[in-house]
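The values are calculated or read from the model by the stated rules, or taken from the named source; none is laboratory data. Since this is a predicted model, take the numbers as computed values, not measurements. Cβ atoms come from the backbone with ideal geometry, glycine included; neighbour counts cover every protein chain shown. What goes into the accessible areas is simple: the full protein's heavy atoms, side chains included, and nothing from ligands, DNA or RNA. Shrake-Rupley method; radii C 1.70, N 1.55, O 1.52, S 1.80 Å.
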Amino acid sequence: MSWLVAGYLARNGRAAPGWIEIEEETIVAAQVGSPPRPPDERFDGLIAPGLVDLQVNGAAGHEVTGGHSALDAIDAVQLAHGVTGYLAAVVSAGEASADAAVAAIAERAADPASPVAGIHLEGPFLSPEHAGMHPLASLRRPSDGVPNCYDSPAVRLATLAPELPGALELIARLRRRGIAVALGHSGATADQARAAIRAGATMITHVFNAMGPLRHREPGLAGVALVDERVSVGVIADGHHVDPVVLEIVRRAAGRRTVLVSDASPAADAAPGRYQFGGVAIVRDPDGVVHTTSGRLAGSSLTLDAAVRGWATLTRATLPQAIRAASEAPARVLGLQSGLRSGRRADLVLVDRDGFVQRVMRRGRWLTSG
(Lines give C-alpha, C1' and ligand atoms only; values in the text may rest on other atoms or scores of the structure.)
Protein backbone atom coordinates (compact mmCIF):
# COMPACT_ATOMS: atom_id res chain seq x y z
CA MET A 1 0.00 0.00 0.00
CA SER A 2 1.48 3.34 -1.00
CA TRP A 3 1.25 6.76 0.64
CA LEU A 4 1.18 9.98 -1.37
CA VAL A 5 1.86 13.50 -0.07
CA ALA A 6 1.71 16.76 -2.00
CA GLY A 7 3.57 19.96 -1.19
CA TYR A 8 6.69 21.78 -2.36
CA LEU A 9 9.47 19.37 -3.34
CA ALA A 10 12.95 20.53 -2.30
CA ARG A 11 15.27 19.03 -4.89
CA ASN A 12 18.72 20.05 -6.01
CA GLY A 13 18.50 23.46 -4.37
CA ARG A 14 15.11 24.41 -5.80
CA ALA A 15 11.50 24.07 -4.69
CA ALA A 16 8.41 23.52 -6.82
CA PRO A 17 4.86 22.27 -6.22
CA GLY A 18 4.73 18.52 -6.62
CA TRP A 19 4.12 15.20 -4.98
CA ILE A 20 5.93 12.14 -3.70
CA GLU A 21 4.73 8.56 -3.32
CA ILE A 22 6.19 6.10 -0.81
CA GLU A 23 5.82 2.34 -0.78
CA GLU A 24 7.33 0.49 2.18
CA GLU A 25 10.92 1.88 2.50
CA THR A 26 11.20 3.30 -1.00
CA ILE A 27 10.25 6.39 -2.96
CA VAL A 28 8.37 5.00 -5.95
CA ALA A 29 7.62 8.36 -7.58
CA ALA A 30 8.43 12.04 -7.06
CA GLN A 31 7.35 14.62 -9.60
CA VAL A 32 6.63 18.29 -10.02
CA GLY A 33 3.02 19.10 -10.87
CA SER A 34 -0.37 17.80 -9.85
CA PRO A 35 -0.56 14.36 -8.20
CA PRO A 36 -2.12 11.48 -10.16
CA ARG A 37 -4.72 10.92 -7.44
CA PRO A 38 -5.99 12.80 -4.40
CA PRO A 39 -3.05 12.89 -1.95
CA ASP A 40 -3.21 11.12 1.37
CA GLU A 41 -1.81 14.30 2.84
CA ARG A 42 -1.16 17.82 1.63
CA PHE A 43 1.66 19.64 3.40
CA ASP A 44 1.96 23.43 3.35
CA GLY A 45 5.75 23.50 3.39
CA LEU A 46 8.82 21.78 1.95
CA ILE A 47 9.14 18.05 1.44
CA ALA A 48 12.90 17.51 1.63
CA PRO A 49 15.46 14.71 1.72
CA GLY A 50 16.55 13.65 5.18
CA LEU A 51 19.51 15.68 6.43
CA VAL A 52 23.01 14.15 6.53
CA ASP A 53 25.53 15.42 9.08
CA LEU A 54 29.18 14.51 8.50
CA GLN A 55 30.40 15.71 11.89
CA VAL A 56 28.53 14.82 15.08
CA ASN A 57 30.68 14.59 18.19
CA GLY A 58 27.77 14.32 20.58
CA ALA A 59 24.49 15.78 21.81
CA ALA A 60 22.20 15.91 24.84
CA GLY A 61 25.18 15.84 27.21
CA HIS A 62 26.70 12.71 25.66
CA GLU A 63 29.75 11.97 23.48
CA VAL A 64 29.56 9.52 20.57
CA THR A 65 32.35 7.64 22.34
CA GLY A 66 30.17 7.10 25.42
CA GLY A 67 28.79 3.67 24.52
CA HIS A 68 25.37 2.42 23.53
CA SER A 69 23.26 4.44 25.94
CA ALA A 70 25.00 7.63 24.79
CA LEU A 71 24.46 6.70 21.15
CA ASP A 72 20.77 6.03 21.89
CA ALA A 73 20.40 9.59 23.20
CA ILE A 74 22.37 11.11 20.31
CA ASP A 75 20.40 9.12 17.72
CA ALA A 76 17.16 10.42 19.20
CA VAL A 77 18.34 14.03 19.01
CA GLN A 78 19.50 13.68 15.42
CA LEU A 79 16.29 12.05 14.22
CA ALA A 80 14.12 14.63 15.99
CA HIS A 81 15.98 17.37 14.11
CA GLY A 82 15.59 15.79 10.68
CA VAL A 83 18.98 14.06 10.46
CA THR A 84 18.35 10.61 9.02
CA GLY A 85 22.03 9.80 8.59
CA TYR A 86 25.14 11.04 10.40
CA LEU A 87 28.81 10.28 10.91
CA ALA A 88 29.92 9.87 14.50
CA ALA A 89 33.05 12.02 14.78
CA VAL A 90 35.86 10.58 16.90
CA VAL A 91 38.38 13.23 17.92
CA SER A 92 42.07 12.69 18.65
CA ALA A 93 42.61 10.31 21.54
CA GLY A 94 44.98 7.60 22.72
CA GLU A 95 45.10 4.59 20.43
CA ALA A 96 43.42 2.20 22.89
CA SER A 97 40.60 4.64 23.57
CA ALA A 98 40.08 5.34 19.87
CA ASP A 99 40.05 1.62 19.02
CA ALA A 100 37.40 0.92 21.68
CA ALA A 101 35.24 3.86 20.61
CA VAL A 102 35.41 2.96 16.93
CA ALA A 103 34.50 -0.68 17.64
CA ALA A 104 31.39 0.35 19.58
CA ILE A 105 30.29 2.89 16.98
CA ALA A 106 30.91 0.39 14.17
CA GLU A 107 28.44 -1.97 15.84
CA ARG A 108 25.87 0.83 15.88
CA ALA A 109 26.57 1.72 12.24
CA ALA A 110 25.72 -1.85 11.25
CA ASP A 111 22.25 -1.51 12.81
CA PRO A 112 19.74 -0.37 10.15
CA ALA A 113 17.54 1.10 12.89
CA SER A 114 20.20 3.70 13.72
CA PRO A 115 20.94 6.87 11.76
CA VAL A 116 24.69 6.32 12.32
CA ALA A 117 26.02 5.95 8.77
CA GLY A 118 29.64 5.48 9.78
CA ILE A 119 32.57 7.14 11.48
CA HIS A 120 34.47 10.37 10.86
CA LEU A 121 38.00 10.18 12.27
CA GLU A 122 38.97 13.77 13.03
CA GLY A 123 42.58 13.13 13.97
CA PRO A 124 45.07 12.26 15.26
CA PHE A 125 46.87 13.54 12.14
CA LEU A 126 46.34 17.24 12.83
CA SER A 127 48.67 20.22 13.00
CA PRO A 128 49.69 21.04 16.58
CA GLU A 129 49.48 24.73 15.66
CA HIS A 130 45.85 24.34 14.60
CA ALA A 131 44.66 21.61 16.96
CA GLY A 132 41.77 23.56 18.45
CA MET A 133 40.49 21.63 21.46
CA HIS A 134 42.25 18.38 20.44
CA PRO A 135 44.77 17.35 23.13
CA LEU A 136 48.30 17.95 21.81
CA ALA A 137 49.56 14.76 23.46
CA SER A 138 47.23 12.69 21.25
CA LEU A 139 48.41 14.12 17.92
CA ARG A 140 50.79 12.25 15.62
CA ARG A 141 52.17 12.23 12.07
CA PRO A 142 51.12 9.68 9.43
CA SER A 143 54.78 8.78 8.96
CA ASP A 144 54.79 7.52 12.56
CA GLY A 145 52.22 4.84 11.71
CA VAL A 146 48.45 4.62 11.38
CA PRO A 147 46.27 3.52 14.35
CA ASN A 148 44.36 0.27 14.07
CA CYS A 149 41.02 2.11 14.20
CA TYR A 150 41.65 3.33 10.65
CA ASP A 151 41.16 -0.25 9.47
CA SER A 152 37.53 -0.37 10.60
CA PRO A 153 35.11 -0.80 7.67
CA ALA A 154 32.81 1.69 9.42
CA VAL A 155 35.22 4.58 8.78
CA ARG A 156 33.74 6.72 5.99
CA LEU A 157 35.63 10.01 6.37
CA ALA A 158 38.98 11.10 7.81
CA THR A 159 40.21 14.63 8.46
CA LEU A 160 43.96 15.28 8.38
CA ALA A 161 46.50 18.07 7.91
CA PRO A 162 48.12 17.59 4.48
CA GLU A 163 51.43 19.23 5.43
CA LEU A 164 52.34 16.45 7.88
CA PRO A 165 55.00 13.90 6.83
CA GLY A 166 53.34 10.88 5.20
CA ALA A 167 49.99 12.65 4.68
CA LEU A 168 49.89 12.36 0.89
CA GLU A 169 50.64 8.65 1.03
CA LEU A 170 47.91 8.15 3.64
CA ILE A 171 45.39 10.08 1.54
CA ALA A 172 46.05 7.83 -1.45
CA ARG A 173 45.81 4.72 0.73
CA LEU A 174 42.49 5.78 2.25
CA ARG A 175 41.02 6.66 -1.13
CA ARG A 176 41.92 3.22 -2.47
CA ARG A 177 39.81 1.80 0.35
CA GLY A 178 36.88 4.07 -0.52
CA ILE A 179 37.29 6.37 2.50
CA ALA A 180 36.69 10.05 1.82
CA VAL A 181 39.45 12.39 2.99
CA ALA A 182 38.95 15.94 4.25
CA LEU A 183 41.66 18.52 4.89
CA GLY A 184 41.49 20.44 8.14
CA HIS A 185 43.16 21.47 11.40
CA SER A 186 45.95 22.59 9.17
CA GLY A 187 48.37 25.38 8.35
CA ALA A 188 48.97 24.04 4.85
CA THR A 189 50.15 26.30 2.07
CA ALA A 190 48.14 26.52 -1.12
CA ASP A 191 50.65 24.23 -2.85
CA GLN A 192 50.38 21.64 -0.09
CA ALA A 193 46.60 21.80 -0.23
CA ARG A 194 46.55 21.31 -4.00
CA ALA A 195 48.96 18.35 -3.71
CA ALA A 196 46.60 16.72 -1.21
CA ILE A 197 43.65 17.25 -3.54
CA ARG A 198 45.61 15.64 -6.37
CA ALA A 199 46.29 12.72 -4.03
CA GLY A 200 42.55 12.26 -3.52
CA ALA A 201 41.23 14.61 -0.83
CA THR A 202 37.69 15.73 -1.67
CA MET A 203 36.54 17.91 1.23
CA ILE A 204 37.59 20.71 3.57
CA THR A 205 36.65 20.37 7.26
CA HIS A 206 34.93 23.45 8.80
CA VAL A 207 36.57 26.04 6.55
CA PHE A 208 38.35 28.94 8.32
CA ASN A 209 38.16 27.19 11.69
CA ALA A 210 41.35 25.57 13.01
CA MET A 211 43.34 26.47 9.88
CA GLY A 212 45.80 29.06 8.71
CA PRO A 213 44.42 32.41 7.59
CA LEU A 214 43.73 33.48 4.01
CA ARG A 215 46.32 36.10 3.04
CA HIS A 216 46.51 37.94 -0.25
CA ARG A 217 49.96 36.50 -1.10
CA GLU A 218 49.53 33.19 0.72
CA PRO A 219 45.94 31.99 0.37
CA GLY A 220 46.59 28.72 2.20
CA LEU A 221 44.05 25.95 2.61
CA ALA A 222 41.12 28.36 3.05
CA GLY A 223 41.87 30.12 -0.23
CA VAL A 224 42.14 26.85 -2.13
CA ALA A 225 38.88 25.68 -0.56
CA LEU A 226 37.03 28.68 -1.95
CA VAL A 227 38.16 28.27 -5.56
CA ASP A 228 39.07 24.63 -6.21
CA GLU A 229 36.10 22.92 -7.86
CA ARG A 230 37.38 19.47 -6.85
CA VAL A 231 36.53 19.84 -3.17
CA SER A 232 33.39 20.19 -1.09
CA VAL A 233 33.60 22.88 1.58
CA GLY A 234 32.35 22.11 5.06
CA VAL A 235 31.16 25.11 7.08
CA ILE A 236 29.60 25.73 10.49
CA ALA A 237 26.80 28.25 9.96
CA ASP A 238 26.04 29.41 13.48
CA GLY A 239 27.37 32.96 13.20
CA HIS A 240 29.93 32.25 15.95
CA HIS A 241 32.50 30.08 14.16
CA VAL A 242 32.49 32.22 11.01
CA ASP A 243 31.27 35.80 10.74
CA PRO A 244 28.17 36.21 8.53
CA VAL A 245 30.15 38.37 6.08
CA VAL A 246 32.60 35.52 5.57
CA LEU A 247 29.76 32.99 5.38
CA GLU A 248 28.43 34.98 2.44
CA ILE A 249 31.88 34.93 0.84
CA VAL A 250 31.88 31.13 1.22
CA ARG A 251 28.43 30.92 -0.34
CA ARG A 252 29.40 33.04 -3.33
CA ALA A 253 32.71 31.27 -3.89
CA ALA A 254 31.85 27.65 -3.08
CA GLY A 255 28.20 27.69 -4.16
CA ARG A 256 26.92 24.16 -4.68
CA ARG A 257 30.11 22.74 -3.17
CA THR A 258 29.03 23.98 0.26
CA VAL A 259 28.36 21.29 2.87
CA LEU A 260 26.74 22.32 6.13
CA VAL A 261 27.99 20.49 9.21
CA SER A 262 26.99 20.92 12.82
CA ASP A 263 30.27 19.90 14.52
CA ALA A 264 27.83 19.19 17.35
CA SER A 265 29.44 18.75 20.76
CA PRO A 266 27.86 17.09 23.80
CA ALA A 267 26.41 20.55 24.50
CA ALA A 268 24.15 20.37 21.43
CA ASP A 269 20.46 20.15 22.32
CA ALA A 270 21.49 20.57 25.96
CA ALA A 271 21.13 23.24 28.62
CA PRO A 272 23.84 25.82 29.31
CA GLY A 273 26.50 24.36 31.59
CA ARG A 274 29.62 22.20 31.72
CA TYR A 275 30.21 18.98 29.78
CA GLN A 276 33.06 16.64 28.88
CA PHE A 277 34.32 16.36 25.31
CA GLY A 278 37.31 14.21 24.36
CA GLY A 279 38.68 14.38 27.88
CA VAL A 280 38.37 18.19 27.92
CA ALA A 281 35.98 20.24 30.04
CA ILE A 282 33.75 22.43 27.87
CA VAL A 283 31.15 25.08 28.66
CA ARG A 284 27.95 25.97 26.81
CA ASP A 285 27.15 29.62 27.33
CA PRO A 286 23.54 30.90 27.37
CA ASP A 287 24.07 32.32 23.86
CA GLY A 288 24.94 28.84 22.54
CA VAL A 289 28.70 29.31 22.17
CA VAL A 290 30.65 26.23 23.28
CA HIS A 291 34.24 26.63 24.47
CA THR A 292 36.89 25.12 26.68
CA THR A 293 37.51 26.64 30.08
CA SER A 294 40.46 28.47 28.50
CA GLY A 295 38.18 30.03 25.86
CA ARG A 296 38.86 27.91 22.75
CA LEU A 297 35.87 27.01 20.61
CA ALA A 298 35.00 23.36 21.20
CA GLY A 299 32.52 22.22 18.59
CA SER A 300 29.08 23.76 18.63
CA SER A 301 25.64 23.58 20.17
CA LEU A 302 24.06 23.26 16.71
CA THR A 303 21.78 20.65 15.32
CA LEU A 304 21.87 20.47 11.52
CA ASP A 305 18.38 21.87 11.03
CA ALA A 306 19.53 24.98 12.92
CA ALA A 307 22.53 25.17 10.58
CA VAL A 308 20.09 25.08 7.65
CA ARG A 309 18.16 27.99 9.10
CA GLY A 310 21.42 29.79 9.82
CA TRP A 311 22.65 29.42 6.24
CA ALA A 312 19.31 30.73 4.94
CA THR A 313 19.27 33.74 7.27
CA LEU A 314 22.95 34.68 7.70
CA THR A 315 23.64 34.51 3.95
CA ARG A 316 21.62 35.11 0.80
CA ALA A 317 21.02 31.39 0.32
CA THR A 318 17.42 30.29 -0.14
CA LEU A 319 15.94 27.66 2.15
CA PRO A 320 15.98 25.01 -0.63
CA GLN A 321 19.66 25.79 -1.26
CA ALA A 322 20.39 25.44 2.44
CA ILE A 323 18.55 22.11 2.54
CA ARG A 324 20.61 20.82 -0.37
CA ALA A 325 23.81 21.82 1.46
CA ALA A 326 22.69 19.69 4.41
CA SER A 327 21.32 16.68 2.54
CA GLU A 328 22.28 15.96 -1.06
CA ALA A 329 25.67 17.70 -0.85
CA PRO A 330 27.03 15.82 2.19
CA ALA A 331 25.64 12.53 0.89
CA ARG A 332 27.61 13.09 -2.31
CA VAL A 333 30.85 13.37 -0.30
CA LEU A 334 30.29 9.83 0.97
CA GLY A 335 28.89 8.42 -2.26
CA LEU A 336 25.48 7.90 -0.65
CA GLN A 337 22.20 8.20 -2.50
CA SER A 338 20.06 11.13 -1.44
CA GLY A 339 17.28 13.24 -2.84
CA LEU A 340 13.66 12.91 -3.85
CA ARG A 341 14.01 10.45 -6.71
CA SER A 342 12.27 7.22 -7.68
CA GLY A 343 14.11 4.24 -6.24
CA ARG A 344 15.76 6.14 -3.40
CA ARG A 345 15.24 5.19 0.22
CA ALA A 346 12.34 7.04 1.83
CA ASP A 347 14.27 9.26 4.24
CA LEU A 348 12.34 12.53 4.36
CA VAL A 349 11.88 15.62 6.44
CA LEU A 350 8.93 17.99 6.25
CA VAL A 351 9.90 21.55 7.16
CA ASP A 352 7.82 24.67 7.37
CA ARG A 353 8.62 27.77 5.36
CA ASP A 354 10.95 29.00 8.11
CA GLY A 355 12.97 25.77 8.07
CA PHE A 356 11.64 24.21 11.26
CA VAL A 357 11.19 20.44 11.24
CA GLN A 358 7.58 19.28 11.42
CA ARG A 359 7.82 15.56 10.65
CA VAL A 360 10.59 13.06 9.93
CA MET A 361 10.41 9.84 7.96
CA ARG A 362 13.16 7.23 7.97
CA ARG A 363 13.01 4.08 5.88
CA GLY A 364 9.38 4.82 5.06
CA ARG A 365 8.25 5.18 8.68
CA TRP A 366 7.18 8.40 10.38
CA LEU A 367 9.26 9.10 13.49
CA THR A 368 7.87 12.46 14.57
CA SER A 369 4.39 13.92 14.38
CA GLY A 370 5.30 17.64 14.55
Label point at ASP44 placed 7 Å out along Cα→Cβ; residues across region 9-26 whose backbone nitrogen lies under 19 Å: 9-10, 16-19
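Translational D (Stokes-Einstein, µm²/s) of region 122-209 at 10 °C and 1.306 mPa s when Rh comes from the Kirkwood sum over C-alpha pairs? Can you show the working numbers first?
Values: Rh = 12.8 Å.
Rounded, D is 125 µm²/s.
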Selection from GLY132, VAL155, GLY145 lying farthest towards where the dipole of region 113-167 points positive, charges on Cβ: VAL155
Cα gyration tensor category, rounded, prolate or oblate, for region 152-292 with a/c compared to 1.5: oblate
Difference of contour (0.36 nm per residue) and Cα-Cα distance, ALA172 to ARG14: 53.3 nm
Label-to-label distance, nm, for residues given as VAL32 and MET1 (7 Å Cα→Cβ offset): 3.3
Rounded accessible area of VAL91 (nearest 10 Å², 1.4 Å probe): 20
Apportionment of accessible area to carbon and sulfur, region 149-204, percent (1.4 Å): 49
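Ordering HIS81, HIS240 by how much accessible area each has at a 1.4 Å probe, largest first, what is the list? Spell out each step's value before the answer.
Numbers: HIS81 45, HIS240 85 Å².
So, going from the largest accessible area down, we get HIS240, HIS81.
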Cα radius of gyration and Dmax for the chain (Å): 19.7, 63
Accessible surface of region 1-91, 1.4 Å probe, proportion on carbon and sulfur as whole %: 50
Estimated D of region 1-153 in µm² per second, where Rh is the Kirkwood radius over Cα pairs and Stokes-Einstein applies at 10 °C, 1.306 mPa s: 88
Surface per residue (accessible, 1.4 Å probe) for region 305-370, Å²: 43
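Which order, highest average first, do 138-148, 318-328, 32-42 follow once you tally other Cβ atoms within 10 Å for each residue and take the mean per peptide? Before the final figure, lay out the partial values.
Values: 138-148: 16.1, 318-328: 25.7, 32-42: 12.3.
Final packing ranking: 318-328, 138-148, 32-42.
Stretch ASP191-GLN276 to full length: gain in nm at 0.36 nm per residue minus the Cα-Cα span?
Details: separation 85, 0.36 × 85 = 30.60 nm, distance 3.71 nm.
Roughly 26.9 nm would be gained on extension.
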Heavy-atom accessible area order for THR315, THR65, largest first, 1.4 Å probe: THR65, THR315
Zero-based 10 Å bins, Cα pair distances in region 215-328, whole percents: 15, 41, 31, 13, 0
Net +/- balance of residues flanking PHE356 in space, Cβ distance below 12 Å, scoring K and R +1, D and E -1: 0
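Taking the mean number of other Cβ atoms within 10 Å as a proxy for protection, how do you rank 56-63, 166-173 from highest to lowest?
On the way: 56-63: 25.2, 166-173: 19.2.
Per-residue mean Cβ counts within 10 Å order the peptides as 56-63, 166-173.
Counting only heavy atoms of protein chains, what accessible area per residue, in Å², does region 1-150 have with a probe of 1.4 Å?
38
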Approximate shape of region 274-370 as ellipsoid semi-axes (Cα gyration tensor, √5λ), whole Å, largest first: 30, 16, 15
Computed FRET value (nearest 0.05) for ARG217 with ARG252, which takes r as the C-beta separation and R₀ as 30 Å: 0.85
Electrostatic dipole magnitude of the chain [Cβ: Lys, Arg +1; Asp, Glu -1; Cα centre; debye, to 20]: 1060
All-pairs Cα distance distribution in region 64-166, expressed in whole percent, bin size 10 Å: 16, 46, 29, 10, 0
Charge sum, other residues only, whose C-beta stays under 12 Å from ARG256's C-beta, Lys/Arg counted +1 and Asp/Glu -1: +4
Relative contact order (%) - the chain, alpha-carbon pairs under 8 angstrom, separation at least six: 21
Most to least accessible of VAL283, VAL349 (protein chains only, probe 1.4 Å): VAL283, VAL349
FRET efficiency, 1/(1 + (r/R0)^6) with R0 30 Å, evaluated for ASP352 and ASP72 via beta carbons: 0.60
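If you add up the charges near GLY184, with Lys and Arg at +1 and Asp and Glu at -1, over every other residue whose beta carbon is less than 14 angstrom from its beta carbon, what do you get?
On the way: positive: none; negative: GLU122, GLU129, GLU163, ASP263.
Value of the local net charge: -4.
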